[in-house]
Amino acid sequence: MCSRIVAALLVCLVAPVARGQEAFVDDAGRSVAVPPVVGKVFAAGAPPEVLLYTLVPDRLVGRNHAPSPAALEFMAPQFRDPVLISQLPDPDGPAADRELLALRPDLYVDYGDVTADYIESLDNVQRRTGIPGIILDGSLARIPATYRRLGQLLGAADRGEQLAAHVEPLLAQYRGILRQDGQAIRVYLACSPDGLAPCLDGERNAEFAQWLGAVNVAGAVGASRRVTLEQIRDWNPDVIVAPTAEAAARLGSSADWQGSCIGEPRCHLREEVLQEALHE
């Protein structure tokens, strides 16, 4: 009789732990114990904020970016004034953990580059706070699969499938669209306020150009991280893409740029501004 009572007590103690966790293998190959019901989620940066807002906006807590005026037009009124945090958790120190813990999220989600530094940061935050954290690959081709996987995990499978089905034809429609008749648009992608630090192929900020079929005149990862106006002129891109309107204006109004292009028709370059979209 005594042994049966002890066995019953052990079952009662162990069973809730077994039922209260589900293993999820993220895109870094980490097996993470996630609650079976995820009521609140926290986004570790702007890309996961967009991902989670489109999937489960009512569960997203502690935004770290205030919605831009342009974004507000597309947001339901109840989501236009989110609770803002002053700082994301630091991968190397607990100083900013207090804000995260106060929000009491069930899951911490990172989305974008799956590299050693981001994985280490996630591991550190998870270890310190006890909040399960997952990291998902933010590449364009994986967006539909990510919606489906995350939708299943968060109990929003129907919404995840709906979003995946919406994204798939859009990705197919625009893949290679800038490569016509064997000729591709040649672009310079500016990744700094002064326009002289290029985005390079192999980096997340340059992925959209590759998907559209454009040629990145600055090259791939491993090329120079700083260039000159003379180099940009020599590359003679068809389009210059800047991360913000301010960056485009600064690059276009540079006295050095204007002066160096006088009398040179090849320096008459169109300016395009990459607005907040997939990578904001």
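Read-outs: derived from the displayed coordinates by stated rules, not from any lab. This structure is a prediction, so every number in the text was calculated from the model and none was measured. Cβ placement follows ideal geometry from the backbone for every residue including glycine, while neighbour counts extend to all protein chains displayed.
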Percent of all Cα-Cα pairs per 10 Å bin for the stretch 180-229, counting from 0 up to the last occupied bin, reads 27, 54, 17, 1
A chain fully extended from residue 117 to residue 249 at 0.36 nm per residue, minus the present Cα-Cα distance, gains in nm 44.2 nm
Among the stretch 103-121, those whose backbone N falls under 19 Å of a label point 7 Å along Cα→Cβ from residue 84 are 103
For the stretch 40-84, the Kirkwood Rh over every pair of distinct alpha carbons, in Å, works out to 10.5
Between the alpha carbon centres of the stretch 212-243 and the stretch 146-171 the gap in Å comes to 34
So for R0 = 35 Å, FRET eff. of residue 58-residue 228 from the Cβ-Cβ r, to 0.05, ends up at 0.10
With a ≥ b ≥ c from the Cα gyration tensor eigenvalues, square-rooted, and the rule rounded for a/c under 1.5, otherwise prolate when a/b > b/c and oblate otherwise, the stretch 93-199 is oblate
Quick calc: nm separation of the 7 Å Cα→Cβ label points for residue 161 and residue 141 -> 2.6
